[in-house]
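See below for the structure under consideration.
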Amino acid sequence: MKLIDIGEVSEKAGVPASTLRYYDEIGLISSVGRSGLRRQFLPEVLLQLTLISMGKSAGFSLDDIARMFGQNGKPELSRPELHKRANELDQQIRKLTALRDTIRHTAECSAPSHMECPTFQRIVTLASRKQQKIAKRPTRKKRPLDRPGRTATKSGYC
């Protein structure tokens, strides 16, 4: 059984050694020994660190992530919680997609002022309505706010 030094784990995982020591102290990962003063880990720690990173990216707190690892350090994932988080990520993706589309339209719009652009006004109005509702709905495919090819309006913009 080959052990990996904390420096090597840090390098391979792209995580500072101080973070590894903290994760070890709070029980997210476990060192299995020491070589001098340097902590040693099993190679499986790299998979655990990847799962921790993914969990953090998905909005899980370190406490949430700690609860997902069983006594043996292997993941014990709650499917209902994962579904809930996946739905939250879908909502965040929709919001970010709308923001991206708004920014892209604003950058490409030929109107002298964005406030004169009917498409920009429509996008902002729709975004405002959605923020006011904040209703949770099942994930479904939505029509993009800014449809390519729409260029002519009464004002001559977008």
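The values are calculated or read from the model by the stated rules, or taken from the named source; none is laboratory data. In this text the structure is predicted, and so the values were computed from the model without any measurement. In this analysis, Cβ positions are derived from the backbone assuming ideal geometry, glycine residues included, and neighbour counts consider all displayed protein chains. Ligands, DNA and RNA are stripped out before the accessible areas are found, and what is left, the full protein with its side chains, is counted by its heavy atoms. Shrake-Rupley method; radii C 1.70, N 1.55, O 1.52, S 1.80 Å.
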Count, please, the residues in segment 74-88 that happen to be touching a residue at least 12 places away in the same chain (Cβ under 8 Å) and either in contact with an Asp or Glu (Cβ under 7 Å, 6 or more places away or on another chain) or open to solvent by 60 Å² or more (accessible area, probe 1.4 Å) (or both). 3
Inside segment 89-121, the number of residues satisfying the requirement of being loosely packed, with under 12 Cβ neighbours inside 10 Å and touching a residue at least 40 places away in the same chain (Cβ under 8 Å) is 2
Evaluate the following for Ser110: is it more than 27 Å from the chain's Cα centre (by Cα), on the phi < 0 side of the Ramachandran plot and outside any strand (DSSP E or B)? yes
